[in-house]
Amino acid sequence: MEHLRETEEPNSGGRLAGKVAVITGAGSGIGRAAAVLMSRQGARVVVADYDAGGARGTAGLVAAAGGRALPVTVDVTDEGSVAGMVDAAVGEFGALHVLCNHVGGTDPRKDLDLLRMDMDEFGRAVDRNVRSTLWGARYAVPHMIRAGGGSIINTASVAALVGDVLQTSYGAVKAAVVSITKSVAVQYGPQNVRCNAIAPGAVMTPALEKNLPEDVIEALKRGNALPYLGAPEDIGHTMVFLASDESRYLTGQLLVVDGGMTMQSSAAPGRRAMLPG
């Protein structure tokens, strides 16, 4: 993520000029990339994160490049905190046009297979992924309607689309995020509020690099159709597209951004060696 410090000047006539965006989980990784990229396209950004230092760090990157960012400390598992985040955005910038519900995840040490999963972790997963998405949208939608429309971008996961040997809770709650996305899109489309979701595959965030051994990372690469894993900016650029008017006719959709992981046959990496040299 160091290369984000070498940002170009914000584009006052950019794809997101005049828009106000709130991004949760923006203190690092994909959320940080999205905040910087949206700022480059002219958006004023609320950088929301549980880690106050991380939020300030991202806001500093935006400000250093000439953009406008407001760091906000938020606990997305607390409804009042989410409401306060939205109020802070409108109070600072006067409107709200884009919401990225990006915070999520589970603890893979506790979120195991069916017989060994920690049910308390399941409850935390619902709060962190499902309730937070509902609350974010619930408090953002009225402001978007007043602004003449808006775009909600929810972070799901390829885990919502496939089975796995662990993280049972994670797959379930991300599937719920996809369902919520469709409902919000249908309910508020007539008011010009769009709602879409992104399902990232393996992305080289600091958390992934820190927690996965090199052999597992190499195995993930082999599982992709492309010869590399994604970078946070790959998801961030997708968020910029969904935030912009370029995607004005796109709502209720799940964009799978996974390097071809979920569409590739499990036999493909091995069978590739059968091709004539």
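Among residues of region 82-103 that are surrounded by fewer than 18 Cβ atoms within 10 Å (Cβ to Cβ), those with a beta-carbon under 6 Å from a residue that is part of a helix (DSSP H, G or I) at least six positions away or on a different chain give the pairs A83/Y139.
When N211 is tested against (1) in contact with a Pro (Cβ under 7 Å, 6 or more places away or on another chain); (2) under 18 Å from G105 (Cα atoms), exactly one condition is not met: (1).
The rows are residues; the columns are (1) in contact with a strand residue (DSSP E or B) (Cβ under 8 Å, 6 or more places away or on another chain); (2) buried (at least 17 other Cβ atoms within 10 Å of the Cβ).
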{"site": "G236", "(1), (2)": "no, yes"}
{"site": "M239", "(1), (2)": "yes, yes"}
{"site": "S247", "(1), (2)": "yes, yes"}
{"site": "L250", "(1), (2)": "yes, no"}
{"site": "L255", "(1), (2)": "yes, yes"}
{"site": "G259", "(1), (2)": "yes, yes"}
{"site": "A267", "(1), (2)": "no, no"}
{"site": "G270", "(1), (2)": "no, no"}
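Among the conditions (1) in a loop (DSSP other than H, G, I, E, B); (2) in contact with a Ser or Thr (Cβ under 8 Å, 6 or more places away or on another chain), the only one that L250 does not satisfy is (2).
Among the residues of region 161-183, what is the count of those that are touching a helix residue (DSSP H, G or I) at 6+ places or on another chain (Cβ under 7 Å) and in contact (Cβ under 8 Å) with a residue 40 or more places away in the chain? Result for region 161-183: 9.
Residue by residue, here is whether (1) hydrophobic (A, V, I, L, M, F, W, C); (2) assigned to a helix (DSSP H, G or I); (3) at pLDDT below 95 holds:
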{"residue": "V76", "(1), (2), (3)": "yes, no, no"}
{"residue": "F122", "(1), (2), (3)": "yes, yes, no"}
{"residue": "D127", "(1), (2), (3)": "no, yes, no"}
{"residue": "M144", "(1), (2), (3)": "yes, yes, no"}
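Each residue in region 192-234 was checked for being assigned to a helix (DSSP H, G or I), loosely packed, with under 15 Cβ neighbours inside 10 Å, in contact with a helix residue (DSSP H, G or I) (Cβ under 7 Å, 6 or more places away or on another chain) and of a type outside the set (K, R), and 2 pass. Cβ-Cβ distances below 7 Å connect the following pairs, each with a first residue in region 15-39 that is under 18 Å from V103 (Cα atoms) and of a type outside the set (K, R), a second residue that is in a helix (DSSP H, G or I) and modelled with pLDDT under 95, and a separation of six or more residues or different chains: S28/P206; G29/P206; G29/A207; A33/L4; V36/L4. Being hydrophobic (A, V, I, L, M, F, W, C) and modelled with pLDDT under 90 holds for only one residue in L208, L229, and it is L208. Considering only residues in region 10-47 that are assigned to a helix (DSSP H, G or I) and touching a Leu at 6+ places or on another chain (Cβ under 6 Å), the one that is surrounded by the most Cβ atoms within 10 Å (Cβ to Cβ) turns out to be M38. Going through (1) in contact (Cβ under 8 Å) with a residue 40 or more places away in the chain; (2) of a type in the set (D, E); (3) in contact with a Gly (Cβ under 8 Å, 6 or more places away or on another chain) one by one, D51 falls short only on (1).
So, of the residues in region 123-170 that are under 19 Å from the mean Cα position of the chain (by Cα) and of a type in the set (D, E, K, R), which turns out to be surrounded by the fewest Cβ atoms within 10 Å (Cβ to Cβ)? Across region 123-170, the extreme among qualifying residues is R138. Checked against (1) under 24 Å from G31 (Cβ atoms); (2) surrounded by fewer than 18 Cβ atoms within 10 Å (Cβ to Cβ), Q187 passes all but a single condition, namely (1). Among the residues of region 62-118, those that are touching a Lys or Arg at 6+ places or on another chain (Cβ under 7 Å) and among the charged types (D, E, K, R) comprise R68, D118.
The values are calculated or read from the model by the stated rules, or taken from the named source; none is laboratory data. Remember, it's a predicted structure, so these values are computed and weren't measured experimentally. As a convention, Cβ positions derive from the backbone with ideal geometry for all residues, glycine included, and neighbour counts pool all protein chains shown.
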